[in-house]
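Step one of this worksheet: look at the structure below.
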Amino acid sequence: MKKIFSDLKIIRIYGLAFFIEKHPRFTRIISAVLSAMVTSLACLLLKKLL
């Protein structure tokens, strides 16, 4: 966790692409959470429509 916070400074210098290359596991977790949120939102919208 400390390594991620220390590399947040690197994001400001090199950008997000560099961070993604350095932390593939961290970005995979974020993408999994985002996809889960999108699917749950889609299900909620479908329930309201039907």
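Where a number appears in this text, it was derived from the coordinates with a stated rule and is not lab data. All values reported here derive from a predicted model rather than from experimental measurement. Backbone-built Cβ (ideal geometry, glycine too); neighbour counts: all protein chains shown.
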How much length is gained if the chain between THR27 and LEU46 is pulled fully straight, taking 0.36 nm per residue apart and subtracting their Cα-Cα distance, in nm to one decimal? 4.0 nm
Only residues of the range 21-46 count here: report those whose backbone N is under 17 Å from the spot 7 Å along Cα→Cβ of TYR14, or say none. 21-28
